[in-house]
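The structure under discussion appears below in the form of structure tokens.
The values are calculated or read from the model by the stated rules, or taken from the named source; none is laboratory data. Note that the structure is predicted; figures quoted are calculated from it, not measured. Here the Cβ positions follow ideal geometry from the backbone for every residue, glycine too, while neighbour counts run over all protein chains shown.
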Amino acid sequence: MDIQINFRTLGTALLGGCVSLFSCQSGAAPSSTMHTTSDTSHLMTTDTTDSLETITLGAGCFWCVEAVFVELKGVRSVTSGYMGGTVPDPTYKAICTGTTGHAEVAQIVFDPTDLSLAELLEVFWQTHDPTTLNRQGADVGTQYRSAIFYHTDEQRKSAEHYKAELDKSGAFRSAIVTEIVAASKFYKAEDYHQNYYAENGEQGYCQMVIRPKLEKFRKAFATKLKP
């Protein structure tokens, strides 16, 4: 498994203050136990146009996740939405109750010839706290859980390997609780959630929460950003 991990940098970047910076809109919901699976029988079809690949990630508020990944070289699109729940056609209002089972996610289409899966996962681990169950900073609820929804068996193996190596290295002070599960039906979020930071950059929340997170991310991954 060709995954290079800079454990020292990762631990410093995340534990140096991301919990206070990397939080989004507040909410509350009952907690639930995380489960991982190796079952690939329900894998979603990957976007194979040319050489493109799709992965779906949950790392707290999707406004923040989208704002980060859209700047990465090799990322073709980032769509905010919902995955992992039981209620069909969920609305944002329903998601915020924490009762639908969905996570706020970003579905990312990327070109692995420009951005490897290992590099993408490195950004994922560095830009949120994967050790807090069903929460990111002030955002509490199962909808904010840390999750990797894999679309291929290679993605599953890489995610599980990376998670195990990070735990073994002691990169984080607590065990990683990120769930690693097969992608299920993806529901695109309402239009006003798409490109949220780009279109609402002057809004107070964007200035106070998303902007500081982006500044940290840009410094840590300066060589991997789009021109």
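Considered as a group, the residues in the stretch 180-211 that are more than 14 Å from Gln107 (Cα to Cα) and of a type in the set (Gly, Ala, Ser) include one that is surrounded by the most Cβ atoms within 10 Å (Cβ to Cβ), and that residue is Gly201. The residue of the stretch 63-112 that is surrounded by the most Cβ atoms within 10 Å (Cβ to Cβ), among those that are farther than 14 Å from Ile148 by Cα and among the polar types (S, T, N, Q), is Ser80. Residues that are in a strand (DSSP E or B) and modelled with pLDDT of 95 or more were ranked within the stretch 97-145; the one that is farthest from Leu214 (Cα to Cα) is Ala103. Being among the acidic types (Asp, Glu), surrounded by fewer than 19 Cβ atoms within 10 Å (Cβ to Cβ), modelled with pLDDT under 95 and over 24 Å from Ala222 (Cβ atoms) is a condition met by at least one residue of the stretch 41-61.
Kindly indicate whether Glu202 is assigned to a helix (DSSP H, G or I) and acidic (Asp, Glu). Working first, answer last.
Numbers: assigned to a helix (DSSP H, G or I): no; acidic (Asp, Glu): yes.
So Glu202 does not fit the description; no.
Which one is farthest from Arg76 (Cα to Cα), of the residues in the stretch 92-145 that are among the small types (Gly, Ala, Ser) and touching an Asp or Glu at 6+ places or on another chain (Cβ under 7 Å)?
From the stretch 92-145, those among the small types (Gly, Ala, Ser) are 94, 98, 101, 103, 106, 116, 118, 137-138, 141; that's our starting set.
Restricting the remaining residues to those that are touching an Asp or Glu at 6+ places or on another chain (Cβ under 7 Å) gives 106, 118.
Details: Ala106: 13, Ala118: 17 Å.
For the stretch 92-145, the residue satisfying everything is Ala118.
Scan the stretch 172-191 and tell me whether some residue there is in a helix (DSSP H, G or I) and either modelled with pLDDT of 95 or more or touching a Pro at 6+ places or on another chain (Cβ under 9 Å) (or both). Yes, the stretch 172-191 has at least one match.
Please determine whether any residue of the stretch 132-145 is aliphatic (A, V, I, L, M), farther than 16 Å from Val68 by Cβ and without any contact (Cβ under 8 Å) to a residue 40 or more places away in the chain. No, every residue in the stretch 132-145 fails to be aliphatic (A, V, I, L, M), farther than 16 Å from Val68 by Cβ and without any contact (Cβ under 8 Å) to a residue 40 or more places away in the chain.
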